[in-house]
Amino acid sequence: MKNILVFNSSVLAENSVSRVLVAKTVAALLVKNPGAQIIEHDLGCDPIPHLDTATVAGIRGVPESEAEDAARARSDELVAELQAADVLVVGSPMYNFSIPTGLRSWFDYVLRPGVTFQYTASGPQGLLADKRVIVIESRGGFYSAGPAQSRDFQEPYLRALFAFMGLQDLTFIRAEKIGSGAEARAAAIENAEKTITSVV
């Protein structure tokens with residue numbers, strides 16, 4: 001393993017559970033791969049600009065303006081990082097049953113037809129060489145089973161987006177019920193840390 005691409009997308013800074021667990025995951029990976037290069041994006045504190053009318057053609061069309069050229073250049077840079085990575089570590093708290101908008105914006109820049117996926121006669125095909133993806137999910141409630149599972153639009157969405165680009169080696173590590181008080185939060189972090197140790 002040479003390259004580890006890391007994303008934090010929580011907007012809670014030092015109060016973020018997912019950030020704690022992302023750091024734990026990266027540290028464990030470095031123990032196994034001490035020479036690995038790390039590229040890190042903080043999508044919560046330093047988000048990628050959302051696409052809008054002035055920039056969308058830089059990703060979805062032919063750039064003709066300065067703003068569109070800038071969006072295309074940012075996309076090219078992010079795609080190159082993704083292509084070069086051996087492992088992705090993605091911190092994704094659940095916001096309103098889905099993912100943070102900062103992480104969604106990153107996907108908007110790297111989901112490029114003809115670059116990371118293509119449409120074929122048999123349907124869409126991912127163009128990225130498969131690589132390991134470790135996703136840290138923090139959740140205020142319990143969504144991995146039971147009556148609230150139907151409101152989990154976070155994990156199925158992430159699975160679909162990564163698979164659309166050809167990434168199938170996905171590991172999801174969940175810290176759930178962190179909104180149920182200090183003891184529940186501590187237990188969730190402890191259980192997630194144990195999982196990190198075992199899977200890394």
The helix 101-110 Cα axis meets the longest alpha-carbon principal axis of the chain at an angle in degrees, between 0 and 90 and rounded to 10, of 40
For region 24-107, listing GluC sites (Glu not before Pro) in a DSSP loop whose Cβ sees at most 10 other Cβ atoms within 10 Å gives Glu64
Applied in sequence order to region 148-154, the curve 6.51 cos²θ - 1.76 cosθ + 1.60 (Karplus, θ = phi - 60°) yields integer Hz couplings, x standing for Gly and Pro, of 7, 4, 5, 9, 7, 9, 7
Sorted by chain and then number, the residues having a modelled amide H within less than 5 Å of the amide H of His41, at least 5 places away or on another chain, are Val6, Phe7, Asn8
A chain fully extended from Asp46 to Ala163 at 0.36 nm per residue, minus the present Cα-Cα distance, gains in nm 39.5 nm
Interchain or sequence-distant (5+) residues whose placed amide H lies within less than 5 Å of the amide H of Phe172 are Val135
Among the Cα-Cα pairs of the chain, the proportion with separation greater than 29 Å, in percent, is 25
In terms of the alpha carbon gyration tensor, root eigenvalues a ≥ b ≥ c, rounded if a/c is under 1.5 and otherwise prolate when a/b exceeds b/c or oblate, region 119-166 is oblate
Percent antiparallel among DSSP beta bridges confined to the chain, nearest 5, equals 15
Among region 91-122, those whose backbone N falls under 15 Å of a label point 7 Å along Cα→Cβ from Arg60 are 105-114
Taking a ≥ b ≥ c as the square roots of the Cα gyration tensor eigenvalues, with a/c under 1.5 meaning rounded and otherwise prolate when a/b beats b/c or oblate if not, region 51-112 comes out oblate
Kirkwood calc, region 49-168, C-alpha pairs only, radius in angstrom 15.6
Across all Cα atoms of region 1-66, Rg and the largest Cα-Cα distance (Dmax), in Å, are 16.4, 46
So the angle from the long Cα axis of helix 182-199 to the longest Cα principal axis of the chain, reported in degrees to the nearest 10, equals 60
Over region 150-200, the quotient of the Cα radius of gyration and 2.2 N^0.38 Å is 1.38
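Readers should treat all values here as calculations from the given coordinates under stated rules, not as data from a laboratory. Nothing here was measured: the structure is a model prediction, and the numbers come from that model. FYI the Cβ positions are ideal-geometry reconstructions off the backbone, even for glycines, and counts take in every protein chain you see.
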